[in-house]
Amino acid sequence: MNDLKAKLNDVRTRISVASQKAGRNPDSVSLVAVSKQHDANSIRSLFIAGQKHFGENYVQEALKKQQQLADLGIVWHFIGPLQSNKTREVAEHFDWVQSVDKEKTLLRLSSQRPEKLPPLNICLQVNIDDEPQKSGVPVDAVHDLARLANELPGLKLRGLMAIPSVSAEGQTDIDSFYRMKQLFELLRQDMELDTLSMGMSADLEPAIAAGTTMVRIGTDLFGARN
Ligand SMILES: *Cc1c(COP(=O)(O)O)cnc(C)c1O
């Protein structure tokens, strides 16, 4: 518990310092704690320490933890690859989906979102460096998909998400963050968006310098995964 609280404080400090360096208000950067492979008890501790938004990558694993944590007011983000046969569970049990990259997925999520819930918050995942092994919409297809997402009644398009390419030495391609920011601002001339989700444990500082509004942090909060 104390360890998690200390790590949360460390990450928040990093966000503040990086924001100030970039001349930004630290409140303009929100934090999603990525809890994949970490158990419900750790999530509970971090929630009690003040963290409200959590991100999960695997549907079955997430549903189990959501049941164990149903007494808390957690805001759940789905951030992993999403297969068609899992969209219903995601539409019913999450508040956000950040990893949508197909028209079919948008249509299913919208029609499967229960009417008693508010529209599902959506970020389109962009394959900003055109990496063949990575999910994400190609840059030149983002506008059309965003227009569709913006019109679907069960969804609320909030913005874009990306995981930039990383060199063999483990260095993030910082330029990708700036290209994402440009793409985001271009889209915002057409529609109302407020979320640019980029930056993880190893690269939250350059992401903040480039203009991210949401960082997704796993390792530096919960420790290493298997
Ligand atoms: C696992 C994951 C993260 C967190 O990565 P860390 O390096 O552990 O901070 C963020 N975003 C996505 C999409 C992930 O899959």
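Throughout, read-outs are computed from the coordinates displayed, never taken from laboratory work. Treat the numbers as computed from the prediction; the structure is a model and nothing was measured. Quick reminder, even Gly has a Cβ in these numbers, built from the backbone with ideal geometry, and neighbours come from all protein chains shown.
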Among Ala18, Gln67, Pro132, the residue whose Cα sits farthest towards the positive end of the charge dipole of segment 1-144 (+1 at Cβ of Lys and Arg, -1 at Cβ of Asp and Glu, taken about the Cα centre) is Gln67
Counting other beta carbons within 10 Å of each residue's own, what order do Leu4, Leu196 fall into, fewest first? Leu4, Leu196
Tally the DSSP beta bridges in the chain and give the antiparallel ones as a percent, rounded to 5. 5
Overall form of segment 43-162 per C-alpha gyration tensor (a/c, 1.5; a/b vs b/c): prolate
Applied in sequence order to segment 124-132, the curve 6.51 cos²θ - 1.76 cosθ + 1.60 (Karplus, θ = phi - 60°) yields integer Hz couplings, x standing for Gly and Pro, of 7, 7, 9, 8, 5, 9, 6, 8, x
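Among rounded, prolate and oblate, which fits the chain when a ≥ b ≥ c are the square roots of the eigenvalues of its C-alpha gyration tensor, a/c under 1.5 means rounded, and a/b larger than b/c means prolate?
Numbers: a/c = 1.56, a/b = 1.06, b/c = 1.47.
Oblate.
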From DSSP H assignment alone, runs of 4+ in the chain each adding -39500 (n - 2.57), the sum over residues rounded to the nearest 500 puts [θ] at 222 nm at -12000 deg cm²/dmol
